[in-house]
Amino acid sequence: MTTLLLRNGAVHSPADPFATAMVVENDTIAWIGAEGAAAAHVDAVDAVLDLAGALVTPAFVDAHVHATATGLALTGLDLTGAPSLTYALSALEDHAKRRGLFGAGHVLLGHGWDDSAWPEGRPPTPAELDRATGGATVYLSRIDVHSAACSPALLALVPGEHGDAPLAGTVHHVARAAANAALTAADRVAAQRVARARAAALGIGTLHECGGPEIAGEADFRALLALARDEAGPDVVGYWGALAADAEHARTLRADLGAHGLGGDLFIDGSLGSHTACLHAPYSDDPGAGTGLTHLAPEQVAEHLAACTGAGIQAGFHAIGDAAIGAVTAAARALIQGPHGAAFRALRHRVEHAELLDAEAVAAFAELGLTASVQPAFDAAWGGPDGMYVRRLGAERAALMNPLAALSAAGVPLAFGSDAPVTPLDPWGTVRAAAFHRTPEQRISVRAAFAAHTRGGHRAVGRDDAGVLVPGAPATYAVWDTTELVVQAPDSRLSGWSTDPRSGTPGLPDLAPDLPLPRCLRTAVRGTAVYTAEGALDQA
């Protein structure tokens with residue numbers, strides 16, 4: 001048995017709001033308490049970690065990631081934040097030449113461009129990509145990963161006639177598969193290691209990988225799950241985005257791939273940025289886009305939900321637009337009226353992104369027991385009066401986007417994630433985005449947001465014992481260098497922040513926008529340290 005005493009800090013635990021110390025035995029939390037009692041444990045443990053005032057919390061759960069794509073974005077061409085088309089093309093040319101990828105026969109993958117605010121007002125054309133790379137095979141996914149700019153060499157591999165516009169829908173899936181085919185098994189594993197290492201360095205202890213045949217394929221999915229089994233790092237829970245025809249098919253799919261559930265990015269629609277989210281009414285800024293795209297018919301949604309429920313397997317869908325979300329709630333409501341009603345709610349079926357919801361849809365999520373796996377950073381990036389949501393939808397519909405407060409108030413289970421690489425792995429930034437939502441009426445407390453990004457992620461996979469620091473819970477935690485700990489007042493009529501110890505509520509970092517975010521000093525997964533900041537924390 002290996003035992004560790006962490007002391008002289010602050011331990012965020014409902015078991016003791018004033019805790020300063022914690023004992024870990026192997027992979028489990030054995031004790032939490034005050035500094036005065038910690039001395040009694042010193043001689044009984046194998047090692048002591050001096051926290052020097054640092055904060056210990058449950059490690060975060062990122063409930064929606066794409067590990068390989070995240071690793072590639074971290075190590076390759078990342079155009080996130082590129083201020084113009086001219087800048088993006090220059091960065092592409094520079095990357096191609098520095099990496100020895102300039103010229104025909106080379107394959108270049110990149111990610112992150114967002115033309116919605118570019119002064120040129122348009123994405124790159126195939127000819128521009130060709131000139132910038134000397135004829136290389138180029139795949140550049142848009143920030144939302146639902147469309148991509150492709151070079152002529154890549155377009156030649158995609159059936160059909162293609163103009164200058166980025167590829168979207170089914171042809172985009174074909175182009176992505178062709179580009180990903182250029183990656184070797186070693187390339188994939190290297191990218192996955194980078195993504196897990198970055199997650200660990202940010203205090204993330206668990207990742208929900210959303211894979212599928214139209215994303216990175218079976219080999220990629222199997223490789224990531226094997227890596228997580230064989231190497232220390234954040235845990236990986238795998239969701240496979242393929243339709244199940246019946247209960248037996250659902251069981252076979254899950255068993256064959258080692259997936260936890262059949263959902264994640266099982267696409268009903270696309271994204272607002274690419275004009276492919278499925279809406280009830282047309283896009284405001286592009287009448288030609290109509291109401292977007294739908295990848296699954298209502299009867300396919302219903303069939304998949306019924307198959308998974310009958311097999312006792314968690315299901316889920318990618319649904320952003322109100323019409324796509326409506327397809328899920330309609331199918332679910334019909335299903336719970338049959339013999340599987342109780343089983344349906346118990347499985348905690350998920351809806352990924354769940355962005356455009358009116359009051360009726362929010363109420364349906366609560367009634368049906370659906371889990372909303374959402375990304376607050378989307379609002380930070382594209383919300384607000386001048387944001388992309390308003391341009392795509394108009395102000396009235398944009399005000400309904402990402403209704404975190406409405407979902408929380410209705411009792412809908414929330415699990416927070418990043419959809420990395422769409423937005424970066426950034427857990428405290430995600431909590432801040434929820435607490436300072438750009439639609440003020442949809443802000444939630446830091447405490448509620450923190451719970452959604454820790455315990456909420458575990459509950460979304462049926463783990464009710466994890467995501468909280470109490471004796472008997474898994475010892476998956478993070479240690480933080482942070483500002484003063486505060487408690488947000490529970491009543492909006494009171495001061496927004498309180499440090500009154502009489503509240504008896506464990507404090508969390510002050511995440512006001514002008515303050516630095518906490519810095520991770522150590523991350524442990526089931527008692528094993530998977531990240532320690534250089535020069536941080538003395539262990540004796």
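The values are calculated or read from the model by the stated rules, or taken from the named source; none is laboratory data. As the structure is a computational prediction, the values presented were derived from the model and not from experiment. Cβ: placed from backbone, ideal geometry, glycine included. Neighbour counts: every protein chain shown. Note: accessible area is taken over every heavy atom of the protein model, side chains too, but ligands, DNA and RNA are not part of it. Shrake-Rupley method; radii C 1.70, N 1.55, O 1.52, S 1.80 Å.
In whole Å, what is the distance between the alpha-carbon centres of region 54-87 and region 448-477?
23 Å
In whole angstrom, how long is each semi-axis of the equivalent ellipsoid of region 77-227, when you take the square root of 5 times every eigenvalue of its Cα gyration tensor and sort them from largest down? Working shown, then result.
Working: eigenvalues 132, 65, 49 Å².
Here the semi-axes work out to 26, 18, 16 Å.
Would you mind working out the accessible area per residue for region 66-199, using a 1.4 Å probe, and quoting it in Å²? Don't jump to the answer; show the numbers that get you there.
Numbers: 5550 Å² over 134 residues.
Computed with neighbouring chains in place, this is 41 Å² per residue.
Per residue, how much accessible area does region 230-324 show when a 1.4 Å probe rolls over the protein heavy atoms, in square angstrom?
On the way: 3220 Å² over 95 residues.
I get 34 Å² per residue for region 230-324.
Show the residues, 5+ positions off or on another chain, whose built amide H is closer than 5 Å to the amide H of residue 148.
Amide H to amide H, under 5 Å and 5 or more residues apart or across chains, residue 148 pairs with 142, 167.
Explain nothing, just compute: Karplus ³J(HN,Hα) = 6.51 cos²θ - 1.76 cosθ + 1.60, θ = phi - 60°, for every residue of region 283-299 in order, whole Hz, x for Gly and Pro.
4, 6, 9, 8, x, x, 7, x, 9, x, 10, 10, 9, 10, 6, x, 5
Roll a 1.4 angstrom probe over the protein heavy atoms and tell me the percent of accessible area of region 1-48 that is carbon or sulfur. Intermediate values should be presented prior to the final figure.
Numbers: 1120 of 2150 Å².
Carbon plus sulfur share of accessible area: 52 percent.
Contour minus end-to-end for residue 286 and residue 245, with contour as 0.36 nm per residue of separation and end-to-end as the Cα-Cα distance?
11.2 nm
Using a 1.4 Å probe on the protein heavy atoms, what percent of the accessible area of region 77-201 belongs to carbon and sulfur?
Carbon and sulfur: 56 percent of the exposed surface of region 77-201.
Quick one: dipole size for region 203-273, taken about the Cα centre, charges +1 on Lys/Arg Cβ and -1 on Asp/Glu Cβ, in debye to the nearest 20.
About 140 debye.
Output the relative contact order of region 1-64, whole-number percent, from Cα pairs under 8 angstrom with separation of 6+ residues. Please list the in-between numbers first.
On the way: 121 pairs, mean separation 26.0, N = 64.
The normalised contact order for region 1-64 reaches 41 percent.
The chain: longest stretch without exposed GluC sites (Glu not before Pro) (DSSP loop, at most 10 other Cβ within 10 Å), sites themselves excluded?
Details: sites that count: 161, 484, 534.
Value returned for the longest uninterrupted segment is 162-483.
Could you tell me the distance between the Cα centroids of region 357-431 and region 161-190, to the nearest Å?
28 Å
Per-residue HN-Hα couplings for region 424-429, Karplus 6.51 cos²θ - 1.76 cosθ + 1.60 at θ = phi - 60°, whole Hz, x for Gly and Pro?
The phi angles translate into x, 4, 6, x, 5, x Hz.
Could you tell me what percent of the accessible area of region 332-432 is made up of carbon and sulfur, with a 1.4 Å probe and every protein chain present?
58 percent
Taking the highest mean first, how do the peptides 174-184, 69-79, 326-336 order by number of other beta carbon atoms within 10 angstrom per residue? Could you put the intermediate results ahead of the total?
Details: 174-184: 17.5, 69-79: 21.6, 326-336: 19.8.
My ranking of the peptides, most packed first, is 69-79, 326-336, 174-184.
Considering only DSSP beta bridges where both residues belong to the chain, give the percentage that are antiparallel (nearest 5).
50 percent
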